[in-house]
Every structure is written in structure tokens, then in C-alpha cells.
Amino acid sequence: MGWVLITLGVAFGSAIVPLVNAELFVIGLCASQHSVHWLWLGGAVAAGQIAGKLLYYLAARGSIRLPKFLHDRLHRERPLTPRRVRWQLRTKVIRGKIEALRERCQRHPHWMTGTYGVSSLVGLPPFMATSVLAGMVRMRLSTFLAAGLAGRWVRFSLLAASPAMFAGWLQ
């Protein structure tokens, strides 16, 4: 039970800080600890990941506010320098595509649900990006939780079972 709780904490941390790799942790844990069942690990990682991504979802939706120092930094007026003007011109196309994607997702909510579900299972498009986009287009919270938990549980359960499968093939 201790390893499941540790896995839950690592998964939550990996959802908040992308530098923490939950996949590598799960494979390493399953390769070294044979007493933990792979379904329990898959469920713990899924719950931790969705709990962490829920913060991004709620922030993108506007339900929670960013800390004051981040909010002020993002929304303060900055003088237009030549460097800033060049940056705005370079990112104009990307910003336009993101806005078009957001509008399309709002018009077709089932498309967003499918994209988010595939992302939670496969990881492409990036799961963090689809979590934020789901908040921006105001996907229902129950849909966000259900699709995310299902996809992440399958993904990490298969990943947790993989060391045992490969060990069986090698013998």
C-alpha cells in the first residue's frame, strides 16, 4: 500500500511539473517491486495525474485564480520595444491557429472530448495542452474527469504490466 501512495504523489507531481516523468517511475517501480499489482499502480497514477491536471483545467476555465505574482506578470502593460514587436509578428500565426482551434472546439464539443480522450491514452497531442484547452472551451467537469481517468488508467496499467510481460517473453 505504501508504494501505491508514493506512486500517487509522484503522479501528482508529474502532472504539475512536466520534468518529473511518471512513465519512467512506473516502469522502474514495476521492474524492482514485484509485490505491487499493476492495476493498483495504474489507478494511482491515473488519479494523481488527473488531480494535477485538474488545476490546469480549472485555471484555464477561470474557476481558480493564479497567484498574484503570476497574474500581475502575465497581465501587466509592457512597452513596445522592437524586439517585442518582432516577437508579436512571429507568433501572430500561432496565436491565430490556437484561437481557431479553440473556436472549433467550442462549436464541436464531442470533437474535443475525443481529442482529450485520445490524448489521455496515447499522449499525443500533449496531455497538458489538451487539459488546458478543455478548460478554455469549458468542457464539462464530469467529461473531463471520466475521459481523463479512463485513458490514463489504461495507459499506465499497460505500462505497469509491461516489465512482467517482457520478462515472461525472455524466459
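Things to note:
- Relative packing of 17-23, 77-83, which averages over residues the other C-beta atoms within 10 Å, highest first: 17-23, 77-83
- Helix 2-16 and the longest principal axis of the C-alpha atoms of the chain enclose an angle of approximately 20°.
- Every Cα-Cα pair of the chain was included, and the share exceeding 26 Å stands at 41 percent.
- Backbone geometry of region 59-66 corresponds, through the Karplus equation with coefficients 6.51, -1.76 and 1.60 at θ = phi - 60°, to 3J(HN,Hα) couplings of 5, 5, 6, x, 6, 10, 9, 5 Hz, x marking Gly and Pro.
- Per-residue HN-Hα couplings for region 136-153 [Karplus 6.51, -1.76, 1.60; θ = phi - 60°; Hz; x = Gly/Pro]: 5, 8, 6, 4, 4, 4, 5, 5, 4, 5, 5, 5, x, 5, 4, x, 5, 5
- Here the peptides 88-94, 106-112 are ranked by packing, the mean other Cβ count within 10 Å, and the order with the highest first is 106-112, 88-94.
- Once both labels are positioned 7 Å from their Cα atoms along Cα-to-Cβ, the gap between His108 and Met128 label points is 2.7 nm.
- Look at the alpha carbon pairs under 8 Å that are at least 6 residues apart: their mean separation over the length of the chain gives a relative contact order of 35 percent.
- For the peptides 155-161, 124-130, the ranking by packing is 155-161, 124-130, with the highest mean count of neighbouring Cβ atoms within 10 Å listed first.
- Sequence-separation-based contact order of region 91-171, relative, with Cα cut under 8 Å and 6+ spacing, percent: 30 percent
- The modelled label-to-label distance between Thr91 and Arg140, using points 7 Å beyond Cα along the C-beta direction, is 3.5 nm.
- Under the simplified labelling scheme, the Arg65-Val20 pair shows an inter-label distance of 2.7 nm, with each label point 7 Å from Cα along Cα→Cβ.
- Exposure proxy ranking, count of Cβ atoms within 10 Å, fewest first, for Val118, Val26, Val85, Val36: Val85, Val118, Val36, Val26
Every read-out reported here was derived from the displayed coordinates using simple, explicitly stated rules and does not represent laboratory data. Because the structure is predicted, anything quoted here is derived from the model rather than measured. Methodologically, a virtual Cβ is constructed for each residue, glycine included, from the backbone with ideal geometry; neighbour enumeration extends over all protein chains shown.
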